[in-house]
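Everything below concerns the one structure shown next.
The values are calculated or read from the model by the stated rules, or taken from the named source; none is laboratory data. Computed from a predicted structure; not experimentally measured. Every residue, glycine among them, receives a Cβ derived from its backbone with ideal geometry; neighbour counts consider all protein chains shown. Protein only, heavy atoms only, side chains kept; ligands, DNA and RNA dropped before computing areas. Shrake-Rupley method; radii C 1.70, N 1.55, O 1.52, S 1.80 Å.
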Amino acid sequence: MSGLEVILRDGFDTLRRNLNLIIPFILQQVITWITVAIVFLALYFTVLAPIIPYLERVGVDSSPSPEVLLKVWMMIAPSLPLLITAFILLLLFFALLDAFIWAGAIGMARRAIETGQSTLGDMIKYGKKKFLSVFVSNLIITVLSMLGFSALIPGIIALSSSRSIGPLLLLLGVLIMV
């Protein structure tokens with residue numbers, strides 16, 4: 001057997017003996033869907049529900065009058081800072097949750113490899129211990145990817161205008177992203 005086959009067989013055997021290694025990812029999905037449902041319900045009742053009567057008056061066949069659009073905008077505008085703040089906090093929550101789950105799952109896997117057994121207590125222990133370093137590394141990777149993507153845009157523009165620097169900018173963007 002080759003080294004890869006041994007690693008895959010041992011990994012599968014460890015997972016088969018410790019099915020609780022899957023629980024962190026199921027837990028993450030459950031928490032994510034519950035949070036998304038709560039956020040959408042809150043968005044509906046705070047922003048959308050008050051403007052529905054104005055939108056119903058418009059009707060399907062006609063386009064809204066400027067007065068109705070202005071009234072709807074005046075109802076939504078005060079909520080924009082709250083919506084933007086909630087969106088940023090939601091992204092931060094999901095990033096922290098993801099870091100905690102991955103740190104805990106890696107810790108559980110490590111414990112299962114070392115001792116043959118792993119528990120949810122291991123997930124919580126390793127998640128608390130290492131989530132910040134996983135979060136920071138994910139943040140750095142995200143920032144670098146965004147920088148690389150932003151470097152692609154001038155390269156694409158330069159390519160379309162037949163400038164010789166275009167391929168160099170595209171290459172720089174790809175290198176930053178990688």
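Here are a few things to note about the model shown:
- Identity of the residue in the range 45-60, in a helix (DSSP H, G or I) and open to solvent by 90 Å² or more (accessible area, probe 1.4 Å), that ends up modelled with the lowest pLDDT: 57
- Looking across the range 97-152 at every residue that is farther than 26 Å from residue 178 by Cβ, surrounded by fewer than 16 Cβ atoms within 10 Å (Cβ to Cβ) and among the aliphatic types (A, V, I, L, M), the one that is modelled with the highest pLDDT is identified as 124.
- Filter result for residue 67 (out of contact with any Lys or Arg (no Cβ under 6 Å at 6 or more places or on another chain), charged (D, E, K, R), surrounded by fewer than 11 Cβ atoms within 10 Å (Cβ to Cβ) and within 24 Å of residue 132 (Cα to Cα)): no
- The range 153-176, residues that are surrounded by fewer than 16 Cβ atoms within 10 Å (Cβ to Cβ) and either assigned to a helix (DSSP H, G or I) or modelled with pLDDT of 75 or more (or both): 153, 156, 157, 159, 160, 165, 167, 168, 171, 174, 175
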